[in-house]
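The values are calculated or read from the model by the stated rules, or taken from the named source; none is laboratory data. Note that this is a predicted model, so its numbers are computed, not measured. Neighbour counts run over all protein chains shown; Cβ positions are idealised from the backbone, glycine included.
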Amino acid sequence: MQNMKIGLIQMGLKTSTDLEPEAIRDAMNEAHLPMIQQAADQGVQVLCFQEVFTQASRRAPHGDHRACV
């Protein structure tokens, strides 16, 4: 059996919830980049992120997740 190195990132919101969803997404992407690089530098093969990357836009109708990133 082969070993695999796994990483997890959990981060609080780095911007105001008053911003547009796209701006929040972009800010969160930028905030994660140093941690992603650190994981890569440490040999992480699978990196898991919290649900912030799968939230539907505020503009999406309830239950319509086609707008998910």
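What the table shows:
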{"read-out": "Total residues in the range 1-29, condition under 10 Å from the mean Cα position of the chain (by Cα) and surrounded by fewer than 13 Cβ atoms within 10 Å (Cβ to Cβ)", "value": "2"}
{"read-out": "Residues being at pLDDT 90 or above and surrounded by 12 or more Cβ atoms within 10 Å (Cβ to Cβ) - total across the range 46-69", "value": "1"}
{"read-out": "Scope the range 13-45; condition modelled with pLDDT of 90 or more and among the β-branched types (Val, Ile, Thr); matching residues", "value": "36, 44"}
